């Protein structure tokens, strides 16, 4: 009986400690990457603002079956929906099974004529649950490197474009 009581109390205290530590992590996590490209804003919009052109630069889209329905793409366990578009940015609602949804924004900012910075951000708001907070620690590492690779693919697609 003493051992069971010890195990229960230890488990409870450990759970409280883990929860308290997770409360120190932010509830909003933003992963951001940027690349500088010599091109026109029309080319950037062509590749980023239309989901049917993402297969030209997104590696997952080349490897998996993508179903497009209006302004929404279904790829594996992910759903990507166009929320808004302006002359210099596009915003998507990105949901992956088992994760809190992301707000994804791709914007292009002019440095000088013909030279733009493409800035890509993934913003995720998580609840107080410890497993969600600890999961966000991986976002910068995993998502950031993937974003860098995809931005390089986007740059290559734009540079090879005849559009």
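Some observations on this one:
- Set 92, 116: member being closer than 19 Å to residue 150 by Cα and within 14 Å of the chain's Cα centre (by Cα): 92
- Criterion applied to 29, 66 was being closer than 27 Å to residue 120 by Cβ and under 16 Å from the mean Cα position of the chain (by Cα), and the one residue passing it is 29.
- On the stretch given as region 1-27, residues that are in contact (Cβ under 8 Å) with a residue 40 or more places away in the chain and either out of contact with any helix residue (DSSP H, G or I) (no Cβ under 9 Å at 6 or more places or on another chain) or exposed (fewer than 10 other Cβ atoms within 10 Å of the Cβ) (or both) total 0.
For every residue, the table says whether it meets (1) within 16 Å of residue 34 (Cα to Cα); (2) exposed (fewer than 14 other Cβ atoms within 10 Å of the Cβ); (3) in contact with a strand residue (DSSP E or B) (Cβ under 8 Å, 6 or more places away or on another chain); (4) in contact (Cβ under 8 Å) with a residue 60 or more places away in the chain.
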| position | (1), (2), (3), (4) |
| --- | --- |
| 114 | no, yes, yes, yes |
| 119 | yes, no, yes, yes |
| 124 | no, no, yes, yes |
| 134 | no, no, no, yes |
| 138 | no, yes, no, no |
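Read-outs throughout are calculated quantities, based only on the coordinates presented, and are distinct from any laboratory measurement. Nothing here was measured: the structure is a model prediction, and the numbers come from that model. In this analysis, Cβ positions are derived from the backbone assuming ideal geometry, glycine residues included, and neighbour counts consider all displayed protein chains.
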